[in-house]
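Notes follow once the structure below has been shown.
The values are calculated or read from the model by the stated rules, or taken from the named source; none is laboratory data. Everything numeric here is computed off the predicted structure, so don't read it as measured data. FYI the Cβ positions are ideal-geometry reconstructions off the backbone, even for glycines, and counts take in every protein chain you see. The protein model used for the area step is the full one, side chains on, heavy atoms only, and it has no ligands, DNA or RNA in it. Shrake-Rupley method; radii C 1.70, N 1.55, O 1.52, S 1.80 Å.
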Amino acid sequence: MIGWDAVDRADGMAGASRLDARLRTVRAELVRLGLDALVVTHLPHLFYLANLRASAGMLVVTPADVHLLVDFRYRTVTTELVAAGAGPSGLRRADVDGSYEETLRRVASDAGWKRIGIEADHLSVRRWQWLEGALQAGITATVGLVERLRMRKDDHEITTLRAAGERLGPVAAHVLDRVAVGSSERELAAHIEVALRDAGFERPAFETIVATGPNSALPHAHPTGRRLVAGDLVVLDFGGVHHGYCVDLSRTVCVGRAGAEARRLHGAVRAAQAAALAAIRPGIRASDVDAAARAVLAEHGLAEAFGHSTGHGLGIEVHEAPRVGRRRVEGDAAMADSQDPLLAPGMVFTVEPGVYLPGVGGVRIEDDVLVTEEGREVLTRVPSELRVC
């Protein structure tokens, strides 16, 4: 694992300025909430705010500086990050020799923080209870503080995601040429993952899905030894990580021949995706995009065959905010609004309606979309018409 984003080896201080801009927004929230510090434990947030990719670590953001708590494995890369100007300004490293919790207690005691925020969504109850008893400070739960910031990508993130989306095109072309009667799901999945690395991706963004025949009716099917036969619907769902950012693509093809039912299902899903894409623009709710897809599938008598959300946010994680699904009615209006945000320029998410008929098969078509000032930009430009392989 690279300890910090290699892009910034060439970027120099530009990397630091990006991180500083993100931290200014976090610090404004600290002031609003009356906090002396925010303890960041969600590892993707360490990458977002400090440019460090690690399997362990803590970041503490204060109004004046940033403390990065790392163990022996990440001391060298943290030193390199600071020396290259690829970390945030004012970064202080705190070495963890025992546990992260004990080190945090020492740093907090030395600094004299009185009100400390923690990421409630990413801390276990047991860890929270320990911190509450160990820290000589008030503990405040924060929810979605960094996630809200991450929803709108900055110029660097958009450039990275555009490049990643373009790289999926050759991968799709390579894989579609290998779909044939007699191939197995596992064999095709292996070809996809080799093609992802050949295209320059660091790794797959998730476990590749190749679902054929009746297995294609399972939205998250795992590749099996099943071999393709003529007439099968084949769902191919794959993605890659490029400089720490995830992209995701799905296409559905037929093997040997396409029957009337396969054409009907594919045509309905393609029309639903087109309607959802056409709905995307700043100022509408994410749920409006979902509703546009569902309306088309309902017209085709397939409303009950579409059970998942129309899309999910993309970025450092392959599933992040915003969620593009039905508007949730439980809870108060403020909670509903936070879970169903207004679309804004810089948001990136998938649009992936699908239909699944047990015993028959399924169809899913997925692309990655950037919300722009004028509407939207599709980042994955791969033909979506029904292909017979």
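Note on segment 344-389: residues that are at pLDDT 95 or above, touching a Gly at 6+ places or on another chain (Cβ under 7 Å) and in a loop (DSSP other than H, G, I, E, B) total 4. Within this structure, residue 110 fails the test of being open to solvent by 80 Å² or more (accessible area, probe 1.4 Å) and either basic (Lys, Arg) or within 30 Å of residue 246 (Cα to Cα) (or both). Return the only residue of 137, 84 being touching a Phe, Trp or Tyr at 6+ places or on another chain (Cβ under 6 Å) and either at pLDDT below 95 or closer than 21 Å to residue 33 by Cβ (or both). Result: 137 is the single residue among 137, 84 that is touching a Phe, Trp or Tyr at 6+ places or on another chain (Cβ under 6 Å) and either at pLDDT below 95 or closer than 21 Å to residue 33 by Cβ (or both). Taking segment 185-213 as the range and being of a type in the set (S, T, N, Q) and in contact with a Pro (Cβ under 8 Å, 6 or more places away or on another chain) as the test, only 208 passes. Here residue 149 passes the criteria (1) over 17 Å from the mean Cα position of the chain (by Cα); (2) open to solvent by 30 Å² or more (accessible area, probe 1.4 Å); (3) among the aliphatic types (A, V, I, L, M) except the one numbered (1). Taking first residues from segment 276-287 that are free of Cβ contacts under 8 Å to residues at least 24 places away in the same chain and partners that are of a type in the set (D, E, K, R) and open to solvent by 20 Å² or more (accessible area, probe 1.4 Å), the Cβ contacts under 6 Å between residues at least 6 apart in sequence or on separate chains come to 279/288.
When residues in segment 62-118 are screened for being polar (S, T, N, Q) and under 18 Å from residue 21 (Cα atoms), 2 of them pass. The residue pairs whose first member lies in segment 304-324 and is more than 12 Å from residue 150 (Cβ to Cβ) and in contact (Cβ under 8 Å) with a residue 24 or more places away in the chain, whose second member is of a type in the set (S, T, N, Q) and open to solvent by 20 Å² or more (accessible area, probe 1.4 Å), and whose beta carbons are closer than 8 Å, counting only pairs six or more residues apart or on different chains, are 323/309; 323/339; 324/309. Within the bounds of segment 161-177, is there any residue that is farther than 19 Å from residue 199 by Cα, open to solvent by 10 Å² or more (accessible area, probe 1.4 Å) and in contact (Cβ under 8 Å) with a residue 40 or more places away in the chain? No; the residues of segment 161-177 include none that is farther than 19 Å from residue 199 by Cα, open to solvent by 10 Å² or more (accessible area, probe 1.4 Å) and in contact (Cβ under 8 Å) with a residue 40 or more places away in the chain. Within segment 24-77, the set of residues being without any contact (Cβ under 8 Å) to a residue 40 or more places away in the chain, farther than 17 Å from residue 123 by Cα and either open to solvent by 40 Å² or more (accessible area, probe 1.4 Å) or aliphatic (A, V, I, L, M) (or both) comprises 24, 27, 28, 31, 32, 63, 64, 68, 70, 72, 73, 75. Looking only at residues of segment 245-274 that are part of a helix (DSSP H, G or I) and free of Cβ contacts under 8 Å to residues at least 60 places away in the same chain, we find that the one that is nearest to residue 366 (Cα to Cα) is 274.
Screening the candidates 248, 232 for the property of being in contact with a Gly (Cβ under 7 Å, 6 or more places away or on another chain), farther than 13 Å from residue 318 by Cβ and crowded, with 17+ Cβ neighbours inside 10 Å yields one hit, 232. Residue pairs whose Cβ atoms lie under 6 Å apart, separated by 6 or more positions or on different chains, with the first residue in segment 127-145 and within 19 Å of residue 114 (Cβ to Cβ) and assigned to a helix (DSSP H, G or I) and the second open to solvent by 30 Å² or more (accessible area, probe 1.4 Å) and aliphatic (A, V, I, L, M), are 132/139.
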